[in-house]
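The values are calculated or read from the model by the stated rules, or taken from the named source; none is laboratory data. If you're wondering where the values come from, they're calculated on a predicted model, not measured in any experiment. Every residue, glycine as well, gets a Cβ built from its backbone with ideal geometry; the counts of neighbours run over all protein chains shown.
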Amino acid sequence: MKPPSCKKGINVYASVNALFIVVILAVFIYSFAFKTEKYPIPALLTQSTGLIPPSRGLSKSFSEIVRGNISAAKLINPHSLQIFAFFLIQLVMRVAGFAAAKIIGSPFPVKGIAVDVCISLALFVFCFAPLISYTFRLFVQLF
């Protein structure tokens, strides 16, 4: 079986970047569209188990952040700024990547893709650390 060409991999990477931009913009638009008191998504885990996970209130917090109400966002969920920062930084990285590729006049370099993946993974682990550690603790308790 012949391995996929490098050009095809780069095209896939560009497509994933474009999709990521659309998803992040959708999250920001969703956050702006709903006011904090009228969210269509209930806290199902809390309602069904009584547990309060660190993700509770993130939608409301994001709604406050996109409106510039940082102190209110921190009151709703103390981890919201850290998690919102992940999405904002990723959006900037994706747009900057496309802009750089356009300016250079060539597709994403393979080394650049590797660096992007490493930075994104480290950023994800850092920004989502409270949710990741909570999930691991919950699994340890269950088993």
Using beta carbons and a limit of 8 Å, which pairs, at least six apart or on different chains, have the first residue in the range 76-94 and closer than 13 Å to residue 28 by Cα and at pLDDT 95 or above and the second one not small (Gly, Ala, Ser) and not in a helix (DSSP H, G or I)?
83/128; 86/128
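Let's see how each residue does on (1) under 30 Å from residue 110 (Cα atoms); (2) at pLDDT below 75; (3) within 19 Å of the chain's Cα centre (by Cα); (4) not hydroxyl-bearing (Ser, Thr, Tyr):
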site	(1), (2), (3), (4)
1	yes, yes, no, yes
6	yes, yes, no, yes
17	yes, no, yes, yes
21	yes, no, yes, yes
34	no, no, yes, yes
37	no, yes, no, yes
40	no, yes, no, yes
Across the range 87-118, the tally of residues that are among the β-branched types (Val, Ile, Thr), within 22 Å of the chain's Cα centre (by Cα) and farther than 15 Å from residue 13 by Cα stands at 2
What are the residues in the range 119-136 that are under 13 Å from the mean Cα position of the chain (by Cα) and either within 19 Å of residue 31 (Cβ to Cβ) or not aliphatic (A, V, I, L, M) (or both), if any?
120, 124, 126, 127, 128, 131
Hits in the range 95-116 (condition: out of contact with any Asp or Glu (no Cβ under 9 Å at 6 or more places or on another chain) and in contact (Cβ under 8 Å) with a residue 24 or more places away in the chain)
95, 98, 101, 107, 110, 113
